[in-house]
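Working notes for the structure below.
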Amino acid sequence: MNIVLFGPPGAGKGTQAAILVEQHNIVQLSTGDMLRAAVAAGTELGKQAKSVMDAGQLVADDLIIGIISDRIDEADCKNGFILDGFPRTVAQAEGLDAMLEEKGLKLDSTIEIVVDEQILFSRIEQRASETPEAERRADDNAETLKKRLAVYHEQTAPVLPYYEKKGNLHKVDGMQSIEEVASQIANFLK
Ligand code: AMP
């Protein structure tokens, strides 16, 4: 089963992805996690991505599409995957379609987690305050969140009508409890 999870930063995509991993024995592919790992490892990709990420902007489409394409080819993706934080632009969505077609794969479901953005600020601040400084994400602060939300509205929100037109976009109210959100997502996937 291949799933895309949409939602602005802090919507709970990572939390729901972790639940889906358990339920369906599939893997979570978070482009944000992959980029953070590259930054931590000091790879060429990490060097290119760091300043863009710290500024709350998006890393180049080609780079991201390439990373996802290589990752999907790995053996652990054969049962399926959850895309978390990708695609984030219409160009990435089109790139994903072309890539999946080439690989003989398809998306089974796309899910949007809808949230109240005012509440996102408190969530991000809470996540930052609960995480030891050394492990804290450089982009988890109110100022960068504002930029990340603006980027979400400008560049990622236009991806939603792209999937709506295909007729496989499900919306779930992300302001419910983690369990309620998970249970609605499970219903969509039945
Ligand atoms: P996330 O953890 O998904 O919020 O991603 C953290 C940061 O990584 C984003 O603010 C972007 O700078 C970068 N990033 C993650 N996924 C993508 C993507 N699909 N396209 C471009 N940049 C991305």
Going through segment 168-186 one residue at a time, which ones are closer than 13 Å to Glu112 by Cα and open to solvent by 50 Å² or more (accessible area, probe 1.4 Å)?
-> His170, Lys171, Asp173, Met175, Gln184
Taking segment 7-17, which residues are modelled with pLDDT of 95 or more and either over 15 Å from the mean Cα position of the chain (by Cα) or of a type outside the set (S, T, N, Q) (or both)?
-> Ala17
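Just a yes or no: is a residue in segment 128-135 assigned to a helix (DSSP H, G or I), loosely packed, with under 14 Cβ neighbours inside 10 Å and among the polar types (S, T, N, Q)? Give the derivation first.
From segment 128-135, those assigned to a helix (DSSP H, G or I) are 128-130, 133-135; that's our starting set.
Going one step further and asking which of them are loosely packed, with under 14 Cβ neighbours inside 10 Å, we end up with 129-130, 133-135.
Now drop any that are not among the polar types (S, T, N, Q), which leaves 129.
Checking segment 128-135: at least one residue is assigned to a helix (DSSP H, G or I), loosely packed, with under 14 Cβ neighbours inside 10 Å and among the polar types (S, T, N, Q).
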Could you check, for segment 73-91, whether at least one of its residues is crowded, with 20+ Cβ neighbours inside 10 Å and of a type in the set (A, V, I, L, M)?
-> yes
Of all residues in segment 25-55, how many are closer than 20 Å to Phe81 by Cβ and touching a residue at least 60 places away in the same chain (Cβ under 8 Å)?
-> 1
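The values are calculated or read from the model by the stated rules, or taken from the named source; none is laboratory data. Just so you know, these numbers come straight off a predicted model, no measurement behind them. Neighbour counts are summed over all protein chains in view; Cβ atoms, including those assigned to glycine, are modelled from backbone coordinates with ideal geometry. Heavy atoms of the whole protein, side chains included, go into the accessibility calculation; ligands, DNA and RNA do not. Shrake-Rupley method; radii C 1.70, N 1.55, O 1.52, S 1.80 Å.
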